[in-house]
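See below for the structure under consideration.
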Amino acid sequence: MTLRLATEVVTLETRHPFVIARGGGSSHRVVDVRLIDGDGVEGWGEAAPSAYYGETPESVLAALATLVPHLPADPFRLEAAEADFRQQAPRSAAARGALSAALHDLVGKRLGRPLWQVWGLDPARAPRSSFTIGLGTASELREKVREAGAYPILKVKLGTERDEEILETIREVSDKPLRVDANGGWTRERALAMLPVLRSYGVEFLEQPVAPDDLDGLALLRRQDVLPIVVDESCLVAADIPRIAKAGAADGINIKLAKCGSLREALAMIATARAHGLLVMAGCMIESSLGITAAAHLAPLLDAADLDGAALTMNDPFVGATITAGEIRLPDSPGLGVRRR
Ligand code: MG
């Protein structure tokens, strides 16, 4: 039985320009894939390429084309298929992540079981998702916080010259728990100075304060013992974790399918992080509910989640896992459990 691949580039529009320390915008292109088996059963997945990691929709399409001859005859052979994909397209994590999600969707559909159940998980154990407040003017920030009214936890993007002002503006209109992500935008000195400020604003943890390769800087910040440090851009795959742990660079990791390129790799990251005593969170890019739902099936294994990518969009073509009011609800239907809106 051979699998057929169909692809589609979809432009997702966010309600507000989604801006972080290294830039951003309102239009985000993703690549949706369908793997169709000989019985007409379809597995779906989504690639959310990030220029930061060297991927674009065009490079994803090119990588997918090179992977077509390597699609498995038997979709249940996930381990071998993903190892093959990694070998053929090592730099195309987003593209491989889409195929990984599609194969897992297909497996779940053929078994007639939702993916979380295939994995032996209890969906009620999912943590609540935060909702991200991207960079903006004071009035934009106030509006975004108002729109996030139902969400119990806010993740605030920082890494600018006016970070104190951003926190003050948000605190004027909300007393919710805050998490902060600087996306590597601070120097060590700036990060050291920001630690007590973040603490005074009641921030729960700090994600990627300094550049991804500055593990010594991360360890220095962590030794201040002011806030837990979570790494995102420093940690792409499971093999990164022992090095991070050895350097004492983090209290936790942030997993994304677009970085690790495979749901099996995401599971390996969770196990590796746990073995090193690290907290585990999962995050996302701007993605539709198709991309978000693939990651959301990991949610029962997480300490924290930031799976708001689809909630930030205005034209989500899919319905799948939802994070209404921060509560992650996983679908009961087979596979990923995603359908067209
Ligand atoms: Mg991050």
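The values are calculated or read from the model by the stated rules, or taken from the named source; none is laboratory data. Remember, predicted model here, so these are calculated numbers, not experimental data. No Cβ is skipped: glycine too gets one built from the backbone with ideal geometry, and neighbour counts run over all protein chains shown. Areas reflect the complete protein model, heavy atoms only, side chains present, ligands, DNA and RNA absent. Shrake-Rupley method; radii C 1.70, N 1.55, O 1.52, S 1.80 Å.
Here is a check on your reading of the model: is L178 within 16 Å of the ligand (Cβ to nearest atom), modelled with pLDDT of 95 or more, among the aliphatic types (A, V, I, L, M) and closer than 22 Å to G24 by Cβ?
yes
Under 9 Å by Cβ, and 6 or more places apart or on different chains, what pairs join a residue from segment 174-191 that is assigned by TED's automatic domain parsing to the domain that holds E204 and assigned to a strand (DSSP E or B) with one that is open to solvent by 20 Å² or more (accessible area, probe 1.4 Å) and within 16 Å of the ligand (Cβ to nearest atom)?
Partner pairs satisfying both residue conditions: L178/E204; R179/E204; R179/F205; V180/E204; V180/F205; D181/I20; D181/A21.
Check segment 143-153 and report whether any residue there is assigned by TED's automatic domain parsing to the domain that holds M285, closer than 17 Å to D306 by Cα and open to solvent by 70 Å² or more (accessible area, probe 1.4 Å).
Yes: segment 143-153 contains one or more residues that are assigned by TED's automatic domain parsing to the domain that holds M285, closer than 17 Å to D306 by Cα and open to solvent by 70 Å² or more (accessible area, probe 1.4 Å).
Considering only segment 12-45, state which residues are in a strand (DSSP E or B), open to solvent by 20 Å² or more (accessible area, probe 1.4 Å), in contact (Cβ under 8 Å) with a residue 24 or more places away in the chain and away from the ligand (no atom under 16 Å from the Cβ).
E13, R15, H16, P17, R29, R34, E42, W44 - these are the residues of segment 12-45 that are in a strand (DSSP E or B), open to solvent by 20 Å² or more (accessible area, probe 1.4 Å), in contact (Cβ under 8 Å) with a residue 24 or more places away in the chain and away from the ligand (no atom under 16 Å from the Cβ).
Any idea how many residues of segment 154-173 are in contact (Cβ under 8 Å) with a residue 40 or more places away in the chain and open to solvent by 10 Å² or more (accessible area, probe 1.4 Å)?
3
Which residues, taken from segment 101-118, are in contact (Cβ under 8 Å) with a residue 24 or more places away in the chain and either open to solvent by 60 Å² or more (accessible area, probe 1.4 Å) or part of a strand (DSSP E or B) (or both)?
Selection gives K109, R110, L111, R113, P114.
Only residues that are among the hydrophobic types (A, V, I, L, M, F, W, C) and either within 12 Å of the chain's Cα centre (by Cα) or not assigned by TED's automatic domain parsing to the domain that holds K157 (or both): list them for segment 281-301, please.
Result: M281, A282, C284, M285, I286, I292, A294, A295, A296, L298, A299.
So, P228, is that one within 15 Å of the ligand (Cβ to nearest atom), touching a helix residue (DSSP H, G or I) at 6+ places or on another chain (Cβ under 9 Å) and open to solvent by less than 20 Å² (accessible area, probe 1.4 Å) or not?
So P228 fails the test.
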